[in-house]
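Student: One structure, as structure tokens, below. Some questions next.
Computed from the coordinates by the stated procedures, all read-outs in this text should not be read as laboratory data. Computed from a predicted model, the values in this text were never measured in an experiment. Every residue, glycine among them, receives a Cβ derived from its backbone with ideal geometry; neighbour counts consider all protein chains shown.
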Amino acid sequence: MDSAASPVEATLAYAEEFHPEDEILRAARARGVEVGATPIQPGVGAALCFLATAITAKSVVEVGTGCGVSGLWLLRGMRPDGTLTSVDVEPEHQRLARQAFSQAGFAGGRTRLITGRALDVLPRLSDGGYDLVFADAAKQEYADYLAEAVRLLRVGGIVAFDNALWHDRVADPSRRDPDTVAIRELGKLIRADDRLRPLLIPLGDGLLTAIKIAA
């Protein structure tokens, strides 16, 4: 930890370091960095694992497979008979994710990797058929992912979005680039939706979560 860091920075770093990754996760993370598929931070992964465990998740949808880091965290929190459906536009990323899942000992039947645009794939999935939806993909499509997630989730299910703080830009009203505006608007949509009970978790680059409390 940097001794010159501010107290807030030191506290956030401590929170991240509280969740060390094993060799399999570190290898998947390194592959993601190598091919430009930025992985979630360990704190976000631990939060996803915790949430999946807390609701005994059996059916999970992931938007943005990357190279498998988030998928590994989710699978470790899900029921042993659970299935992770993960969508990504990059088949090479999904190949590397499949490699990570296999190395971690997850049977092939535990994952369903679909190559394609999320907004083409999500409408084909079943209403109310999922326990958790996690999105870490095109930020300007987050509002559309939210609409699909609310439809896909059972009551009591959870939706979660990575990069909710977007490199400290969301909290700065002077930042008006399209991605920052889209994430800021997502927060407003979630807070205004009476079907959802939200929580913004300041781990990693921010994890915005919400429980579906009504159909």
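Student: Failed condition for Asp168, given (1) surrounded by 15 or more Cβ atoms within 10 Å (Cβ to Cβ); (2) outside any helix (DSSP H, G or I), with all others met?
Tutor: Among (1) surrounded by 15 or more Cβ atoms within 10 Å (Cβ to Cβ); (2) outside any helix (DSSP H, G or I), Asp168 violates only (1).
Student: Cβ contacts < 6 Å: first residue under 23 Å from Trp73 (Cβ atoms), restricted to the range 108-120; second residue part of a helix (DSSP H, G or I) and of a type in the set (A, V, I, L, M, F, W, C), any location; separation 6+ or different chain. Result?
Tutor: Partner pairs satisfying both residue conditions: Thr111/Phe101; Ile114/Val121.
Student: Considering only residues of the range 204-215 that are closer than 19 Å to His167 by Cα and either touching an Asp or Glu at 6+ places or on another chain (Cβ under 7 Å) or not hydrophobic (A, V, I, L, M, F, W, C) (or both), which is surrounded by the fewest Cβ atoms within 10 Å (Cβ to Cβ)?
Tutor: By that ranking, first place goes to Asp205.
Okay, residues lined up against (1) of a type in the set (Asp, Glu); (2) touching a Leu at 6+ places or on another chain (Cβ under 7 Å); (3) part of a helix (DSSP H, G or I):
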{"site": "Ala52", "(1), (2), (3)": "no, yes, yes"}
{"site": "Glu62", "(1), (2), (3)": "yes, yes, no"}
{"site": "Cys67", "(1), (2), (3)": "no, yes, no"}
{"site": "Arg76", "(1), (2), (3)": "no, no, yes"}
{"site": "Arg95", "(1), (2), (3)": "no, no, yes"}
{"site": "Arg98", "(1), (2), (3)": "no, yes, yes"}
{"site": "Ser102", "(1), (2), (3)": "no, no, yes"}
{"site": "Phe106", "(1), (2), (3)": "no, yes, no"}
{"site": "Asp131", "(1), (2), (3)": "yes, no, no"}
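Student: Of the residues Glu16, Glu34, which is without any contact (Cβ under 8 Å) to a residue 12 or more places away in the chain and either in a helix (DSSP H, G or I) or surrounded by fewer than 14 Cβ atoms within 10 Å (Cβ to Cβ) (or both)?
Tutor: Checking each option against the conditions leaves just Glu34.
Student: Output the residue which, of all residues in the range 181-197 that are surrounded by 14 or more Cβ atoms within 10 Å (Cβ to Cβ) and without any contact (Cβ under 8 Å) to a residue 40 or more places away in the chain, is nearest to Cys49 (Cα to Cα).
Tutor: Applying the filter and picking the extreme gives Arg197.
Student: Which of the residues belonging to the range 50-65 are farther than 22 Å from Pro123 by Cβ and in contact (Cβ under 8 Å) with a residue 40 or more places away in the chain?
Tutor: Correct list: Leu51, Ala52, Ile55, Thr56.
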